[in-house]
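Trainee: My structure is below; once you've seen it, I'll send some questions.
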Amino acid sequence: QVQLAESGGGLVQPGGSLKLSCAAPGSTGYSVAWFRQAPGKEREFVAAIKASGGTTYYADAVKGRFTISRDRAASTIYLQLATLKPEDTAVYYCAAGRPITSTIRTMGAYYYWGQGTQVTVSS
């Protein structure tokens, strides 16, 4: 059983930065991903990091602006958000699972989910 808890969301101006955290005790051996859901839209993949911590994946919309990382000792996964845009406004969720490479961007590949943290980008 993996319990996930996100934190670090908030209100930030366009162009600003935030660092989200996902506390994930018991997540050793699991790949962890971040998804987001904007109002009226479907949940979408943002970034993922493999269980080994050596391989990362990003959605095209965030590539070059967001960075996913993993602190094994702290069982925490981070998502650094930079150069934020209003369209990044969403609830951000972390999720854990054991996807194969071809499904790493797929919601159904993840078994455990957190409750989400709100990120609002607005002036």
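Trainee: What residues of the range 1-18 lie in the reach of a label at Tyr111, counting those whose backbone N is under 20 Å from a point 7 Å from the Cα along Cα→Cβ?
Mentor: 1-6
Trainee: Of the heavy-atom accessible surface of the range 63-123 (probe 1.4 angstrom), what whole percent is carbon and sulfur? Provide the component values of the computation, followed by the final result.
Mentor: Numbers: 1540 of 3030 Å².
So the carbon and sulfur contribution to the accessible surface is 51 percent.
Trainee: Still on this structure, I have one more. Could you list the residues of the range 71-93 with an amide nitrogen less than 19 Å from a label point located 7 Å from the Cα of Ser17 in the Cα-to-C-beta direction?
Mentor: Inside the label zone: 71, 77-86, 88-89.
Trainee: Also, I was wondering about something else. Between Gln118 and Arg65, take the C-beta separation as r, use R0 = 25 Å, and let me know the FRET efficiency to the nearest 0.05. Let's see the in-between values first.
Mentor: Numbers: r = 19 Å, r/R0 = 0.74.
Approximately 0.85, to the nearest 0.05.
Trainee: While we're looking at this one, here's another question. Mind telling me which of Ala38, Ala61, Ala90 comes out most flexible in a GNM of the chain, alpha-carbon contacts under 10 Å?
Mentor: Ala61
Trainee: Okay, next question. How long is the gain from Thr103 to Gln3 if the chain were fully straight, where each residue apart is worth 0.36 nm and the alpha carbon distance is subtracted? Each step should come with its number before you reach the end.
Mentor: Working: separation 100, 0.36 × 100 = 36.00 nm, distance 2.15 nm.
Fully extending the segment from Thr103 to Gln3 adds 33.8 nm.
Trainee: Determine the dipole magnitude for the chain: charges of +1 sit on the beta-carbon of Lys and Arg, -1 on that of Asp and Glu, nothing else is charged, the reference point is the Cα centre, and the result goes in debye to the nearest 20. Please report the intermediate quantities before stating the final value.
Mentor: Numbers: 12 positive and 7 negative charges, 47 e Å.
Dipole size: approximately 220 debye.
Trainee: Can I ask one more? What translational diffusion coefficient, to the nearest whole µm²/s, does the range 1-46 have by Stokes-Einstein, given a Kirkwood radius computed over alpha-carbon pairs, a temperature of 4 °C and 1.567 mPa s viscosity? Present the calculation step by step, with values, prior to reporting the outcome.
Mentor: Numbers: Rh = 12.8 Å.
Rounded, D is 102 µm²/s.
Trainee: In bins 5 Å wide, starting from 0, what share of all Cα pairs of the chain does each bin hold, as a percent?
Mentor: Here the calculated profile for the chain is 2, 13, 24, 27, 20, 10, 4, 1, 0.
Trainee: So which GluC sites (Glu not before Pro) in the range 27-123 pass both tests, a DSSP loop state and at most 14 other Cβ atoms within 10 Å of the Cβ?
Mentor: Values: sites: Glu42, Glu44, Glu87; in loops: Glu42.
Within the range 27-123, the qualifying GluC sites (Glu not before Pro) (loop, at most 14 other Cβ atoms within 10 Å) are Glu42.
Trainee: A follow-up question, please. For the chain, which longest stretch is free of loop sites, where a loop site is one of the trypsin sites (Lys or Arg not before Pro) that DSSP puts outside H, G, I, E and B and that has at most 14 other Cβ atoms within 10 Å? Numbers along the way, then the final one.
Mentor: On the way: sites that count: Lys41, Lys63, Arg72.
Of all site-free stretches, the longest is 73-123.
The values are calculated or read from the model by the stated rules, or taken from the named source; none is laboratory data. Because the structure is a prediction, the values reported are computed rather than measured. Cβ coordinates were reconstructed from backbone atoms using ideal geometry, including for glycine residues, and neighbour counts include every protein chain displayed. Side chains included, ligands, DNA and RNA excluded: accessible areas come from the protein's heavy atoms. Shrake-Rupley method; radii C 1.70, N 1.55, O 1.52, S 1.80 Å.
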